[in-house]
Each structure stands twice: as C-alpha cells, then as structure tokens.
Amino acid sequence: MIAFYYLCDCVNTAVRVWFSLQLADVIFEPRLTKRKIRLGYVFTIGFITLLQFANSYLSHNTFSNNMLIIMVFIIAVVNILLYECKMRHCFCLNILSWLALTFIDFFVQICAWLIFERVGIKVDSLISFSIQRGIYLVICALLLVPMGFSLRRCFAQRREDIFRFWKQSGFIVLFSLPCMIYFQRIYLRMGSQKLFYRWWLFFSSIALIFFGLEICMLKKRLKEEKRMYYMNAKMLEDGYQCVLKGYREKLVLMHDVKNHIRMLYTLLSEEPREECQLYITQLTSELQKNGNMVWTNHNVLDLLLNLKFQEADDAKIRVCCKSDDLRGLKLDSFEICALFANLIDNAVEANIRCPEEVEKKIELICRKQGNILAISISNPVGNDIKNPDLIFCQTTKQDKSSHGLGMISIKKVLDNHAGYMKVNLRNIWFNILIYLDGF
C-alpha cells in the first residue's frame, strides 16, 4: 500500500513540474536548442520528483510549505538557464501556477471531507498515506495533462498581455499566500465546515482581481488600437501630400519641357555628346524624383514605402529596395503599417545616429516563399553598439514614455501570423530578418 502511494505521489509531482515548465516554455523566448531544453526538462522533473519522494518518506507529511517553496525556486532557476527571462518573472509565474494547483487541491479536500463525513467514510482518507489518496493523485495528474495543453494555447494567444502585467501578478501572489496558509488547515484536520464557508470570500476576491486585470488589458488594447488608427490615417494623409507634391513638381517640370528640348537641341549641335548625356541623366532623375513608385504591386504597402522612402531621402539616406510581387498579402493595412513603418523608422533613426563618415543607407528585401513572407532590412549603426539587443533600448524621440511601442507592434503582428524575428550585428551593419505566414 505504501509503495503504491509513493509511486502515485511521484507521478503527480512529475506532471505538476511538467505543467509549470510548459507555461514557461510558451511565455519566454528559448535560450538553448530544443534538444537541450528537453534534457533540462528531464533533469528537472527527475530531480524534483526524487526530492518530493525523500521529503514525504522522511517527514511523513502529505503537504509541506517548505517543499512547495523549494520546488518553485528550483524551477525558476531552471527557467533562467533555459529561457531569456528575469528571475522575478520566473518566480512569479511558478508560484502562481503552483498556488493555483494547491488551491484546487485544498477545495477538493474540504469538499471530500464534508461528503465523507455525511456518508460515513473515513474523513481523512484523501489526506493520509492511503490507497485512496494514491488514486486521487493519479486522477489529478491525468486531468492536469489536457489542462496544461489548453493553458499553453491560451497563453500563446495572450502572450503580449501577460508581459504587461507582471507587477499586477505580484499583488495576486501577495494576496494568495495568506489564503494558502489559512486553507491548508484541512491537512491539519481542522475546521472543515468553517473552511468550506470561507471559500466564497476567496473566490470573490480572485474574481475581482481578474476582473480588474481584464479591464486594464482592455483599456491598453483600446489605446493601442487608437494609436494604430491614428498612424494609419496619418500615413494616408502624408502619402496623399507626398503624391500631390510629386505631381506638382512634375507639372512644373513638364511645363518647362519646351525649354529642355531647346537646350537638348543646342547641346547636340554645339557641345560634345557627353554633355548631352549628362543633361539627359539629370532630367530623367528629376522626372523620377518624388514619384509614386511601384515596389511590391500591393497598393497600401507601395504607398507606405513611397512615403517612408521620401522621409529617408529628406534625411539624406540612400534606400535600396528589392521585392517580389506581394499581391495577395493577407496582412491588413494596420498590420502593414505597424510592421513596415516601424522597421523603416527604426532604420532611419539608426542612420541619423551614425557618425558623419558612415554611409547613410537602408537595404530592404521582401521575398515570397510559398505562403511565407521573408523580410530583411539592414542599416548601419554607431560603433558604440556591441549588442544587437541594445538597438531596441535607445530612442531619439522626445517622448521617452512612448519608447518600445514600435517593437511591441511588430511583435504583435508576428504573433498574429506565426512569425519569427532574428537580429544580427556584423561590424557596423545591423540586420533584422523576419519570417511570417503572409499569404
């Protein structure tokens, strides 16, 4: 009987550790390869399971606060080694997941105690070393596996929202710890009836907290959507003004075409051929300047690129753009604006910060590979930048409080289209490579 119980306890502990690691895997960016991460999983699950077995065998306790904190700390340290994350975020995520599982266990134990008391079964059969508790632990482990996959999908869809509310989640931890200490009295066989009638207060408080978080998320989402609408309207207005300016300049140039023809006739009759060719080249560049060029065969994207390339030209930055035919791109106008406008704006800012002796240049390449859109944008950066991640930690904008919103918009588009972004810094050239499901 004892051996069966310990086996079930080890299975339950292993599944709970796997559950916590799954949540970290979907939230944080991996630091190592998938193979090394899996090895880290195996080591962590095995080590904590062995630790739980030793604690249960030596202390003869079915629940231990100290063991709970030790397991949370170990998993947080493992997360630091496997993923790009901060210790406080790892600890907060793990303590919340383990507290949630613990509260579910407490509630089930209190309800079971009251039911067993009425039907005449031994009331502490699920909180003592018994076959019944072993079966209970196995059932909990089996239910936890599909719940882990469901939460993984849910967290993947709301990943950006989770990153914005780490501070608020800390308040939930501070509120939950005293509640855990109070409700764990069921394992001390104290006041099951009284504990049962206190659960309404706990559930009500948790519901209010999550309702408040949802309101905050909704407000931030509306604020971001409003900013995107404003950006889109500004893009259309600026694009219209840019096209109008180009047409006016072309009209002025075409108005003087008879003078240019007379000049060409004179050059052909009196000057060497080289002078005539140079004049024709200058005239052609003037005709093409500020024109509404077709880069991608996508109306909105071409409008945006012409607008941004004009801004780069005004800043004396040379632009080189190569693109496949992007007709059929399934990104909407807001996503196109959020992705391409922020990428080019960041490249322009990086060029402006470069020393005078560095050639100001932006290289943009867009390729269609089946259903995948591949985007590569390169630009020079200052010599003081040694780490690619530091590029996103600087801003030349006056409003420092708005820093980081561009990268948040880019990452949101990538999340919506199963995208991936890789940055690289070689000498003074910074490159962003993006793949996303775009067609």
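The values are calculated or read from the model by the stated rules, or taken from the named source; none is laboratory data. Note that the structure is a prediction, hence the values are computed from the model and not measured. Virtual Cβ from ideal backbone geometry, glycine too; neighbours counted across all protein chains shown.
Against the numbered list (1) at pLDDT below 90; (2) surrounded by fewer than 17 Cβ atoms within 10 Å (Cβ to Cβ), Asp124 comes up short only at (2). When Ser169 is tested against (1) at pLDDT 80 or above; (2) surrounded by 12 or more Cβ atoms within 10 Å (Cβ to Cβ), just one condition goes unmet, and that condition is (1). Under 6 Å by Cβ, and 6 or more places apart or on different chains, what pairs join a residue from segment 287-311 that is within 26 Å of Ile352 (Cα to Cα) with one that is of a type in the set (Asp, Glu) and at pLDDT 80 or above? Short answer, once both residue conditions are applied: Trp295/Asp302. Screening the candidates Phe392, Phe430 for the property of being of a type outside the set (Lys, Arg) and modelled with pLDDT of 80 or more yields one hit, Phe430. Candidates Ile344, Ile317, Ile336: the one that is in the same structural domain as Gln369 (by TED's automatic domain parsing), in contact with a Lys or Arg (Cβ under 9 Å, 6 or more places away or on another chain), surrounded by 16 or more Cβ atoms within 10 Å (Cβ to Cβ) and within 17 Å of Ser409 (Cα to Cα) is Ile344.
Pairs are defined by a Cβ separation below 6 Å, a sequence spacing of at least 6 or placement on different chains, a first member in segment 97-120 that is in a helix (DSSP H, G or I), and a second member that is among the small types (Gly, Ala, Ser); the pairs so defined are Ser97/Ser20; Leu99/Ser176; Ile110/Ser192; Trp113/Ser192; Leu114/Ser192. In segment 26-41, the residues that are assigned by TED's automatic domain parsing to the domain that holds Phe155 and surrounded by 14 or more Cβ atoms within 10 Å (Cβ to Cβ) form Cβ pairs under 6 Å with partners that are at pLDDT below 90 and of a type in the set (Ser, Thr, Tyr), at six or more places apart or across chains, as follows: Phe28/Tyr83; Arg31/Tyr83. Annotation note: of Lys386, Lys412, Lys422, the sole residue that is modelled with pLDDT of 85 or more and basic (Lys, Arg) is Lys422.
Selection over segment 76-86 of residues that are closer than 25 Å to Ser176 by Cα and assigned to a helix (DSSP H, G or I) gives a count of 5. Entry remark, segment 22-75: residues being hydrophobic (A, V, I, L, M, F, W, C), under 19 Å from Cys92 (Cβ atoms), under 23 Å from the mean Cα position of the chain (by Cα) and in a helix (DSSP H, G or I) number 5 in total.
Per this entry, Asn55 is not counted among residues that are of a type outside the set (D, E, K, R), more than 25 Å from Ile162 (Cβ to Cβ) and touching a residue at least 60 places away in the same chain (Cβ under 8 Å). Over 31 Å from the mean Cα position of the chain (by Cα) and of a type in the set (A, V, I, L, M, F, W, C), is that true of Leu174? No. Listed by first and then second residue, the pairs linking a residue in segment 6-17 that is farther than 12 Å from Leu51 by Cα and touching a residue at least 12 places away in the same chain (Cβ under 8 Å) to a residue that is in a helix (DSSP H, G or I) and of a type in the set (Lys, Arg), with Cβ atoms under 8 Å apart and 6 or more places separating them unless they lie on different chains, are Cys8/Arg133.
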